[in-house]
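What follows is a set of notes on a single structure, which appears directly below.
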Amino acid sequence: LRQLRDRMEEGCGETIYVVGMGSGEKNMEVAVVGNVDAGKSTLLGVLTHGELDNGRGFARQKLFRHKHEMESGRTSSVGNDILGFDQEGQVVNKPDSHGGSLDWTKICEKSSKVITFIDLAGHEKYLKTTVFGMTGHLPDFCMLMVGSNAGIVGMTKEHLGLALALNVPVFVVVTKIDMCPANILQETLKLLQRLLKSPGCRKIPVLVQNKDDVIVTASNFSSERMCPIFQISNVTGENMDLLKMFLNLLSSRTSYRDDQPAEFQIDDTYSVPGVGTVVSGTTLRGLIRLNDTMLLGPDPLGSFIPIAVKSIHRKRMPVKEVRGGQTASFALKKIKRSSIRKGMVMVSPRLCPQATWEFEAEILVLHHPTTISPRYQAMVHCGSIRQTATILSMNRDCLRTGDKASVHFRFIKTPEYLHCDQRLVFREGRTKAVGTITKVGQLFTLGIEE
């Protein structure tokens, strides 16, 4: 089972093979970001439902989760949709004649590779949701959308900066080329290339014009500084085949080992009638099987409680186990939904987990209008954790835009489960800083309640 790209040039006889393992385990997450009105939800509607847009919001209606999103046309929550490819690299998703939602089970059965799109919000009001989507869902790649008629406006630079800060490779999709005058399109592309080459990004922009470009950029994408730029139209479907081919050729960035102790971060909680409490999130490492006993926590006192996994769902299908890097939902026994919050973890008892109030991090301030000094408070995003933390001390008197420092934080509300080398985003309004955790204060011993 392999995805094969064959190309014969007359006279040269050159063949290019791009081989991928089609084991059914090939799953990738692509975060979709960009300014409001760049066409993020519309592109995903076109890609995943196989039908072109009518220019008036037809394609995106299938992705929205809330009534107010349908009315305003703006995404406000983190949406999910999947795109499946078979062994020949053809798209499995077929247009649904009744306009219903996709049958994820059928797509996963037929696919040798499944890409999950994380549809994030473009509006400034929903920035915290977008930051949560980028840190909590751990995307492999980031698709930055730019409306060709509007250019690089609003949140485009914010989202690009966020992806770069979290070390997520970015590729750019310029939309609405069917309605955009040629001179405006060229101006947008020129500005985009200048932005990507700037000292902050240091990327090599490549305009993708044909299939050869796709093969070259896809094979060098995750390791190199290359940044492919696609120009597409959701209404006419122009260049959509190049984008699909690129997505099919991408390979996952990280490898996971099953023998590591299991760790799962909780992104969302549900109460399902007849099932009970359900948690969804991402498996960070290790292997979790049905009926495993895990430790859930930390609660407000910093303790972890043993819990049994009653059932596991992946991509809306029941499964027996999940591995590192996969998203899943677990039904849990004998626990109320109210006692679980976003940011909690489920870990293997082998880890002997400890909750912490305080931690140290190396911080780089990306943007701040004034200075940051001790006792400053802001929201810390780290994995699926989002909580206000206060600065206790740092190795400089004050921090301004562009400064680097080692900072000692303390959580305000509840202790959290952290470990070293996790990436974090520190924000308050327009203020943003990024960093890496260097030291975690072990202030709690393991408290297991019977």
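The values are calculated or read from the model by the stated rules, or taken from the named source; none is laboratory data. Small disclaimer: the values here were computed from a predicted structure and weren't measured. For neighbour counting, all protein chains shown are included, and Cβ atoms are generated from backbone atoms with ideal geometry for every residue, glycine included.
Within the range 224-240, take every residue that is aliphatic (A, V, I, L, M) and under 20 Å from the mean Cα position of the chain (by Cα) and give me the one that is farthest from Arg253 (Cα to Cα).
Residue satisfying both the conditions and the ranking: Ile229.
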Looking across the range 326-369 at residues that are touching a Lys or Arg at 6+ places or on another chain (Cβ under 8 Å) and in a loop (DSSP other than H, G, I, E, B), the single one that is farthest from Ala262 (Cα to Cα) is Pro369
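Does Asp241 satisfy the condition of being at pLDDT 90 or above and surrounded by fewer than 21 Cβ atoms within 10 Å (Cβ to Cβ)?
Yes; evaluated as a whole, the condition is true for this residue.
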Which of (1) buried (at least 20 other Cβ atoms within 10 Å of the Cβ); (2) touching a strand residue (DSSP E or B) at 6+ places or on another chain (Cβ under 6 Å) does Pro349 not meet, given it meets every other one? (1)
Of the residues in the range 276-311 that are of a type in the set (S, T, N, Q) and within 18 Å of Lys342 (Cβ to Cβ), the one that is surrounded by the most Cβ atoms within 10 Å (Cβ to Cβ) is Thr283
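Are any of the residues in the range 87-104 outside any loop (DSSP other than H, G, I, E, B) and of a type in the set (Gly, Ala, Ser)?
no
Restricting the range 116-129 to residues that are out of contact with any His (no Cβ under 7 Å at 6 or more places or on another chain) and crowded, with 23+ Cβ neighbours inside 10 Å, which is nearest to Val30 (Cα to Cα)?
Phe117
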Does Pro139 satisfy the criteria of being under 17 Å from Val30 (Cα atoms), in a loop (DSSP other than H, G, I, E, B) and not assigned by TED's automatic domain parsing to the domain that holds Asp421? yes
Is there a residue being touching a Pro at 6+ places or on another chain (Cβ under 7 Å), modelled with pLDDT of 90 or more and of a type outside the set (A, V, I, L, M) anywhere in the range 261-281? no
Looking at the range 160-188, I want the residues that are part of a loop (DSSP other than H, G, I, E, B) and have a partner that is β-branched (Val, Ile, Thr) with Cβ atoms under 8 Å, at least 6 apart or on another chain. Which pairs are those? Leu166/Thr135; Leu166/Val425; Leu166/Val434; Ile177/Ile232; Asp178/Val235; Asp178/Thr236; Met179/Val235; Cys180/Thr188
Among the candidates Ala405, Ala355, Ala331, single out the residue that is more than 22 Å from Asp267 (Cβ to Cβ) and either touching a Ser or Thr at 6+ places or on another chain (Cβ under 9 Å) or of a type in the set (Gly, Ala, Ser) (or both). Ala405
